[in-house]
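Working notes, structure below.
Here, each number is a calculation from the coordinates, and none is a lab measurement. Computed from a predicted structure; not experimentally measured. Cβ coordinates were reconstructed from backbone atoms using ideal geometry, including for glycine residues, and neighbour counts include every protein chain displayed.
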Amino acid sequence: MSKQYLKEIAEDEALVQREFDALLEDYINSNHRKKTEIIKKAFHFAKAAHKGLKRRSGEPYIIHPIAVARIVLNEIGLGSTSICSALLHDVVEDTEYTVEDISNHFGPKIAQIVDGLTKIAGGVFGDKASGQAENFRKLLLTMSEDIRVILIKIADRLHNMRTLGSMPPAKQYKIAGETEYIYAPLAHRLGLFRIKTELENLSFKYDHPETYHEIEQKLEIEKQALNKFYIEFSKPIFEKLQHQGYRFELKERIKSVYSIWNKMSSRNIPFEEVYDILALRIIFEPKEGIDEKVQCWMIYSAITAIYKPHPERIRDWVSTPKANGYEALHVTVMTPGGRWVEIQIRSRRMHDIAERGLAAHWKYKTGEDDESELDKWLKTIKELLENPEPNAIDFMDTFKLNLFASEIFVFTPKGDIKTIANGATALDFGFMLHTEIGYQSIAAKVNHKLVPLNHILSSGDQVEILTSKKQVPQREWLDFVTTGHAKSKLQSYFKKEEKAQALIGVQKFEEVMSENNLRLNKENIDQILSYYNLDNINELYVQIGKESIRVEDIPVIFSKSKSPNILSKILRNPFSSSNGDKKEAPPAPIDEVKAENHFDFKKTYILNELNVGKMYELAPCCHPIPGDDVLGYASEEGIIIVHKRQCKVANVIKSNFGNRILNVEWRAYKSQSFVESIEVKGIDKTGMLIEILKVISEDYNVNIRKIFIESNNGLFTGNFDVHVHNTEDINNLVTNLLKLPEINSVKRIQNFQE
C-alpha cells in the first residue's frame with residue numbers, strides 16, 4: 001500500500017472518530033438517560049458494516065448515519081433508541097446484514113424501527129425513484145407502528161438536502177422537488193418548524209439557484225440596517241419585561257429566502273416591498289401560580305403599552321392551538337417610524353414544542369383525557385391507511401390534502417369548538433363529525449342561515465349539518481370536498497357501490513353471452529372492450545351494472561353488419577360528453593426500457609431553435625421561455641418535455657418520476673419569439689398609455705399582441721401581451737418601464753395550469 005493511501009485511511013478514521021465523539025458529547029450533555037454503551041455498540045456495528053463505502057462527496061459512508069443521529073438528538077430531541085436506529089438505518093438496505101441480525105444484537109424495538117426505515121429506502125437516491133409515491137405509502141404505514149420511523153426519515157432527508165451539492169443537477173431537481181412537495185409539509189404538520197423552514201429553503205436553493213443567491217445577497221446587504229433597527233425596537237420591550245420581573249430571552253427571526261420569495265411571488269411585489277422580514281420572538285419562563293396562557297396576554301398588554309397593535313393581525317394560538325400542536329400569541333405592532341413588526345410570545349414549553357414538534361409534544365403531555373389536534377390528525381392518517389387508494393400517486397395526493405398549512409376554528413350548535421382545514425366546506429365538516437352524518441348530509445345552516453353543502457366555512461362560523469336517512473352520497477361531492485378525510489370516505493363508499501354494480505353486471509353479461517351463444521373467451525372480450533373503449537372487463541361490468549351500457553346491445557358488436565350508424569357511434573363511445581368530445585383517457589403506462597435506452601441521464605441537453613419539436617417540446621401547462629429555470633422530463637415517446645421548475649405538473653413529476661428528470665440548458669433564441677404577459681400599475685394621467693407604448697414598441701422595439709387597460713380613482717392597471725425572445729427581454733422591458741415616474745410596479749404574469 002502506498003503512503004498516500006495509508007494517509008487517506010488514517011485521515012478518514014480520524015474524521016469518523018471526531019464526528020462520533022461529537023455525537024456522544026451532545027448525548028451526554030442532553031437530558032436523556034445516559035445509555036452510552038448501546039450507542040457505542042451501534043456505531044461500531046454500523047462502521048464495520050459500511051467499511052470501505054464512500055459517499056458521492058468522497059467522505060466515508062458512516063459520516064451520514066452519524067449526522068442523521070445528531071439531527072435526531074439535537075434538532076428533534078429523541079433518545080438512545082432513535083439514535084441507535086439512525087446509526088443503523090442503512091445497514092440492512094446496503095449490506096449483508098438482516099433485520100434478524102439487528103434484533104439479535106440490539107433488541108426488537110430498534111430492529112422494528114430499522115425495518116420500517118429499510119422498507120421505505122431507495123427512493124431518495126435510489127434508481128427506482130418513479131416508485132417514490134409507493135415508498136411514501138410504505139413510510140406512512142410505519143406510522144401506525146412507531147412514529148419515530150418517520151421522524152428519523154425526516155432527519156435523513158434533512159442531511160441529504162444539506163449535502164445535495166455533490167449530486168448531479170437532474171438528481172438535485174428530483175430530490176428538491178420531492179422535499180418541497182411532501183417532506184417540508186410533513187415536517188410542518190409534525191410541528192418541526194425549524195426543519196420545515198430549512199427543507200423549504202434548501203429545496204428552493206437547488207430549484208432556483210440564481211434567484212436564491214440574488215435574494216440572499218439583498219438580505220445580506222439589508223442585515224446591517226435590520227440589526228440596528230432590531231436593537232432600537234427591542235430595547236423598550238426588554239426594559240419593560242425586566243422591570244415586571246420576567247425571566248425571558250428575546251430572539252430576532254429573519255424571514256428565510258424561500259419565505260421572502262414566496263411572498264414576492266404570491267403578491268407580485270419586489271424584495272424592497274417585503275416589510276415583515278424581521279420579527280421578534282419573546283420566550284419566557286412562566287411565573288409560579290399564574291397560568292402561562294394568562295401570562296402571554298399579560299406580556300401582550302405590556303408590549304401594546306409601548307407600541308400600537310394592528311387590530312386585525314392578532315393570532316391567538318394560545319387559546320386554541322394549531323392542529324400540529326403549535327401554541328403562541330402573535331401580534332403585529334407599529335413602530336414610531338411607521339414600520340409593522342410581528343412579535344411572537346411563547347412560554348419555554350411552547351417554544352420547545354414549536355422547535356421540536358412531536359417529540360416535545362410527548363415530553364409535555366399531562367395525561368389528560370382530551371386528545372391534542374396532532375393526535376387527532378395521526379388518527380385520520382391511520383384511518384386513511386385502512387382504505388388506501390389503489391393507485392399510489394392518487395393515495396399521495398389524498399394524503400397531501402391532510403398536510404394543510406393553516407386551520408380555521410368553527411363551532412357546533414352546542415358551542416363546541418372544532419379545528420378544520422382552511423377552505424373546508426360544510427360537507428367536509430359533516431364528515432369530520434361522523435362518516436354517517438357526511439353520507440346523509442342534504443344541506444347546512446351556517447350562523448343560522450341555510451347554505452348548500454359546498455359552502456366554504458370561515459373561522460368563527462357556527463355550523464349545523466342537516467341530514468336525511470334517504471340521502472346517499474353523490475359523485476359530484478368529490479368535486480368540492482377539500483379534506484383528505486372526506487375524500488377518502490367518499491371514495492371508499494363509491495368503491496363498495498361499484499363492487500355491487502360489478503356483481504350485477506357480471507350476471508347480466510354472462511346471461512346475454514350465453515343466450516346469444518357467444519363464448520366468454522379473450523378474443524370476444526377484447527373485441528367488446530375495444531368497442532366501448534374500456535381498459536378492462538371490470539369497467540365493463542360496472543357500466544352494465546349502472547346501466548350506462550345496455551347489455552342487450554352487446555350482441556350487435558358481433559353482427560356481420562359493419563355499417564356505422566348513430567346507434568353504433570353511441571355504443572362505441574358511451575362516455576362522450578354532450579358535445580361529442582371524448583373524455584380524456586388516463587395516460588399510458590410509461591415505457592421505462594424505451595426511455596432508459598434513448599436518453600443519457602448524466603448528460604446536459606441543450607435547448608435551441610434547431611432542435612425544438614425534434615429533441616424537445618415546451619410544456620403547454622407552464623409555457624417556459626428561454627431564461628426560465630427549467631428541467632426536462634424524458635417522455636415515453638422519446639422526446640424531452642421542458643417544464644418550469646416551479647410548475648405544479650413538474651412538482652408531481654419530481655416527486656413521483658424523479659428518475660426520468662434530465663438536466664437541460666438554454667441556448668440563445670434569435671428568430672423565434674414567445675408571447676408573454678406583463679402587468680403594469682401606476683398613477684393615471686393624460687397620455688400615460690402613449691408613454692408606455694413608446695417604451696415597449698419604439699424604445700425597446702418589442703411587438704405588442706394585445707392590450708387591456710382600466711382606470712379607477714386616479715390609478716390604472718394594464719395588461720400587455722408582448723412578443724419576446726427570452727427572460728432577458730422581459731427583465732429589460734420591466735426595468736425601462738419602471739423608469740417612468742408614474743409607474744408603481746411592473747410584473748411578468750406567469751400562469752400555471754392545474
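Taking 0.36 nm per residue of separation and subtracting the current Cα-Cα distance, fully stretching the chain between N29 and E511 would add 165.9 nm. Placing a label point 7 Å from the Cα of M334 along the Cα-to-Cβ direction, no residue of segment 234-263 has a backbone N closer than 15 Å. Please state the shape class of segment 23-74: rounded when a/c is under 1.5, otherwise prolate if a/b exceeds b/c and oblate if not, all from the C-alpha gyration tensor. Oblate shape, in that a/c is at least 1.5 and b/c is the bigger or equal ratio.
Would you calculate the convex hull of the Cα atoms in segment 674-749 and tell me its volume per residue in Å³? Let's see the in-between values first.
Values: hull volume 5.7 nm³, N = 76.
In segment 674-749, the Cα hull volume divided by residue count equals 75 Å³.
Projecting the Cα atoms of I254, Q242, I215 onto the charge dipole of segment 211-363 (Cβ charges, centred on the Cα centre) puts Q242 farthest toward the positive pole. Highest mean packing comes first when the peptides 469-477, 222-230 are listed by Cβ atoms within 10 Å, giving 222-230, 469-477.
Determine one quarter of the surface area of the Cα convex hull of segment 211-363, which equals its mean projected area, and express it in nm² to one decimal. Please report the intermediate quantities before stating the final value.
On the way: hull surface 41.0 nm².
Answer in nm², one decimal: 10.2.
The order of T686, T482, T304, going from fewest to most other C-beta atoms within 10 Å of their C-beta, is T686, T304, T482. Legend: ranking of residues E93, E327 from fewest to most surrounding C-beta atoms inside 10 Å; resulting order E93, E327. Here segment 60-93 and segment 528-548 have alpha carbon centers that stand 52 Å from each other. Applying the Karplus relation 6.51 cos²θ - 1.76 cosθ + 1.60 with θ = phi - 60° to segment 19-36 yields 3J(HN,Hα) values of 5, 5, 4, 5, 4, 4, 5, 4, 5, 4, 7, 8, 8, 6, 4, 8, 9, 5 Hz, where x marks Gly and Pro.
Compare the peptides 615-624, 100-109 by average per-residue count of other Cβ atoms within 10 angstrom and give them in order, highest first. Please report the intermediate quantities before stating the final value.
Working: 615-624: 18.2, 100-109: 15.6.
Top to bottom by mean Cβ count within 10 Å: 615-624, 100-109.
Calculation over all alpha carbon pairs of segment 14-207 in 10 angstrom steps from 0 returns a P(r) of 9, 38, 40, 13, 0 percent.
Treating each Cα of segment 592-666 as one equal point scatterer and applying the Debye formula with no solvent, the log10 of I(q)/I(0) at q = 0.14, 0.15, 0.16, 0.19 Å⁻¹ comes out as -0.38, -0.44, -0.50, -0.72.
The three principal axes of the C-alpha atoms in segment 259-341 carry coordinate ranges of 48, 34, 21 Å, sorted with the longest axis first. The stretch between T686 and N447 holds 81.1 nm of extra length on full extension. This uses 0.36 nm per residue minus the Cα-Cα distance.
If I stretch the segment between F409 and Q491 completely, what's the gain in nm (0.36 nm per residue apart, minus their alpha carbon distance), one decimal?
Working: separation 82, 0.36 × 82 = 29.52 nm, distance 2.61 nm.
Extra length available between F409 and Q491 comes to 26.9 nm.
Annotation: amide H-H contacts under 5 Å for V318 (H modelled 1.01 Å from N, sequence separation of 5 or more, or interchain): A328.
Rounded, prolate or oblate: which fits segment 639-722, taking a ≥ b ≥ c as square roots of the Cα gyration tensor eigenvalues, rounded meaning a/c under 1.5, else prolate when a/b beats b/c?
On the way: a/c = 4.50, a/b = 2.04, b/c = 2.20.
Oblate is the answer for segment 639-722, as a/c is 1.5 or above yet b/c matches or exceeds a/b.
Karplus-based coupling profile of segment 350-355, in residue order and whole Hz: 4, 5, 4, 5, 5, 7, with θ = phi - 60° in 6.51 cos²θ - 1.76 cosθ + 1.60 and x standing for Gly or Pro.
Each Lys or Arg adds one and each Asp or Glu subtracts one; over the other residues with Cβ under 10 Å from the Cβ of R70, this totals -3. Separation of segment 274-288 from segment 424-468 is 37 Å, based on Cα centroids. Residue by residue, segment 706-722 carries 3J(HN,Hα) couplings of 8, 10, 9, 9, 9, 10, 8, 6, x, 10, 10, 10, x, 10, 10, 8, 10 Hz when phi is fed to the Karplus relation 6.51 cos²θ - 1.76 cosθ + 1.60 (θ = phi - 60°); x denotes Gly or Pro. The modelled label-to-label distance for the pair E13/R253, using points 7 Å beyond Cα in the direction of Cβ, is 4.8 nm. When each of the peptides 441-447, 250-256, 54-60 is scored by how many other beta carbons lie within 10 Å of its residues on average, the order from highest to lowest is 441-447, 250-256, 54-60.
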